[in-house]
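Throughout, read-outs are computed from the coordinates displayed, never taken from laboratory work. All values reported here derive from a predicted model rather than from experimental measurement. Positions of Cβ are generated from backbone atoms using ideal geometry, with glycine treated the same way; all protein chains shown enter the neighbour counts.
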Amino acid sequence: MADYSAHNLSSNSPENNLSTNEDLSELRSLLLGFEQSELDKLHERLNNPDIHAEDISRLLPEAIILRTLQDKQLSEAIVPTVEEAIHLSVKKDLNILSEAIFPVIGPAIRKAIATALETTVQSLNQTVEHSLSPQSFKWRLEALQTGKSFAEVVLLRTLLYRVEQVFLIHKKTGLLLQHVVAPNVAAQDADLVSAMLTAIRDFVQDSFSVQTGDSLETLQFGELTIWIEPGPQAILAGIIRGTAPKELKLVFQEIIEKIHLKYDQKFNSFEGDTAPFEGSTLYLEDCFQAQYQPKKTKPSPVIWILLSSILIALGSWFFFDFTDKQRWAAYLEKLNAQPGMTVVTSEKRQGKYFISGLRDPLAADPIQIMKKSNINPKTVISRWEPYLSFYPKFTETRAKDLLQPPVTVSLIVDESGILHAKGSAPYQWIVETRKLVRAIPGINKFDENNLVEMELKELERSKNEIEKQLLLFTEGRTQLQPGQEARIQNLIKEVQKLTNTAPYLSKNIQIKILGHANKIGSEERNLILSQGRANAILATLVSQGIKKTNLSAVGVGTGETVDKKRPQDRALSRSVSFKVILTDTPSREINRR
């Protein structure tokens with residue numbers, strides 16, 4: 001028992017307890033060291049408010065989105081807080097909220113307006129409408145006195161209002177951002193005008209007690225009015241001539257709202273460079289509106305109908321009179337262009353036309369030309385004196401009527417007055433034509449070089465037919481070979497026709513009968529033989545009634561070859577050939593002249 005007690009005492013001593021705690025701590029650190037450090041960090045994170053706020057800021061947006069997708073409890077819970085925040089913001093500074101919703105509040109209000117604004121815009125041809133009115137003479141006098149154009153005076157006197165210039169001015173700095181001017185408007189230095197407007201605005205605000213947010217809206221200088229429409233960052237100032245309606249304010253408000261909506265970031269970062277605002281001129285030009293005096297009450301419809309009837313009647317009279325004159329002028333032009341027709345006088349009296357002149361009987365009919373020109377022949381009194389025109393076609397017609405040429409002859413008269421005859425005609429017609437053609441007016445000469453006498457043509461045919469004949473003889477004799485009778489008969493027929501026709505044509509005829517012989521025998525004997533053969537044919541022709549004076553027999557012996565292509569042919573050499581000679585008689589030569 002003593003030992004047990006002693007042992008307990010020794011084990012409960014302070015030194016033993018300290019040693020035991022240290023051992024437990026070391027054992028605990030070995031077993032739970034890593035988890036303990038993590039627990040310490042978690043404890044610190046939960047107790048540190050800064051770390052807790054940072055974690056919430058990262059998770060809050062996603063948490064709100066997820067909660068909103070689930071139901072509307074979060075939205076309903078936030079509404080009172082947002083309302084209280086807006087209420088406190090408005091009480092603290094009203095301008096903050098108004099500037100924030102400024103670009104959208106104007107269009108929203110205008111969309112809620114049920115009534116539409118109606119404006120009367122004068123037509124662009126205002127000057128034309130007033131150019132003949134009594135007032136126009138007064139305005140023309142004013143234009144001469146003032147040196148202005150008539151159109152400008154009319155514009156000013158009929159003008160109710162017109163926006164002439166528009167300025168876009170930066171609100172804080174007073175610098176001119178953009179400036180536009182209406183057509184035909186003289187403008188001063190835009191920067192100077194902008195500075196003056198800013199100075200006037202500042203003067204009013206500094207010199208008088210004005211409430212926060214109030215601004216200068218209107219300046220009046222005679223017939224010019226400056227309307228100022230302020231915005232959060234810029235001011236829109238328009239110079240207006242005349243008295244503008246209140247509806248124009250809505251236009252200015254809409255323009256300044258659009259500009260702020262588009263250039264909001266550029267206004268916030270503005271440092272004096274106006275280049276980013278160049279596109280705003282398109283909005284500023286929408287401010288260029290104008291209104292002119294409405295037209296006066298129209299006269300009574302009866303007066304208009306009466307005036308219209310008078311104008312229509314006058315217009316119709318002038319139209320038909322002009323058309324009638326044009327038709328008459330065209331008719332005269334056609335008459336003068338017609339061959340064989342010349343207009344001497346032409347006039348209109350008492351609603352009728354009188355015309356006189358010269359007309360060839362072969363010229364065109366004036367009545368037919370009149371009908372083709374749409375002129376009533378009853379309204380025209382014509383007197384035409386006959387005369388002969390030397391127009392080639394008319395002269396040719398007269399020549400054909402007088403000469404009555406056969407169908408084988410064509411007559412043509414050229415510009416020189418020469419009658420050309422072409423073809424074949426009887427000799428007697430040709431002789432008569434030579435006499436008559438001299439009496440035809442307009443013909444200076446008769447050309448018959450291409451005209452052939454029909455009888456002469458037949459005479460030439462008979463001549464050629466005779467010269468083609470070749471009568472063959474027996475060897476060494478003056479008798480024809482058997483079978484030559486048909487040739488003899490054809491020869492006699494053609495010779496008789498030739499001798500009978502030649503005197504009628506004043507032609508002398510001479511037929512040479514040429515006797516030939518081949519080269520067998522002496523030349524002297526062949527010459528006698530050829531002469532005998534020629535004489536035998538001569539006697540045969542004379543016996544048929546052909547005058548011997550028209551015939552001659554010549555023996556040529558072997559001196560001439562009948563057929564040059566076959567000079568050695570003996571049969572052809574024993575033959576008789578013919579040569580016809582035609583000459584004019586002295587009377588024919590006289591007739592030709």
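Could you calculate the FRET efficiency of LEU314 with VAL185 from 1/(1 + (r/R0)^6), where r is the beta carbon distance between them and R0 is 45 Å, rounded to 0.05?
Efficiency for this residue pair is about 0.60.
Treat the range 254-333 as a sphere of radius equal to its Kirkwood radius over Cα pairs and apply Stokes-Einstein at 37 °C in a medium of 0.692 mPa s; give the translational diffusion coefficient in µm²/s, rounded to a whole number.
Roughly 169 µm²/s, to the nearest whole number.
With r defined as the distance between the Cβ atoms of GLU271 and GLU76 and R0 fixed at 51 Å, what FRET efficiency is calculated, to the nearest 0.05?
It comes to 0.65.
What relative contact order, as a whole-number percentage, does the range 251-369 give when Cα pairs under 8 Å and 6 or more residues apart are counted?
Over the range 251-369, the number comes to 14 percent.
Could you work out the relative contact order of the range 481-549, using alpha carbon pairs under 8 angstrom and six or more residues apart, expressed as a whole percent?
Normalised by residue count, the contact order of the range 481-549 is 28 percent.
With labels modelled as points extended 7 Å from the Cα through the Cβ direction, what inter-label distance (nm, one decimal) is found for GLU223 paired with LYS378?
6.5 nm
With r defined as the distance between the Cβ atoms of ASN508 and GLN404 and R0 fixed at 30 Å, what FRET efficiency is calculated, to the nearest 0.05?
0.45
How far apart, in nm, are the 7 Å Cα→Cβ label points at ILE492 and ILE520?
Result: 3.0 nm between the two label points.
Give me the distance in nm between label points sitting 7 Å out from Cα along the Cα-to-Cβ direction at ASN444 and GLU84, one decimal.
Roughly 13.1 nm, to one decimal.
Using the structure shown, list the pairs from LYS547/LYS579; LYS334/LYS400; LYS463/LYS548; LYS457/LYS548 with a Cα-Cα distance above 19 Å, or answer none.
Too far apart for the 19 Å limit: LYS334/LYS400; LYS457/LYS548.
At 0.36 nm per residue, minus the direct Cα-Cα distance, what do ALA63 and VAL204 gain on full extension? Give it in nm, one decimal, please.
Gain on extension, ALA63 to VAL204, equals 45.4 nm.
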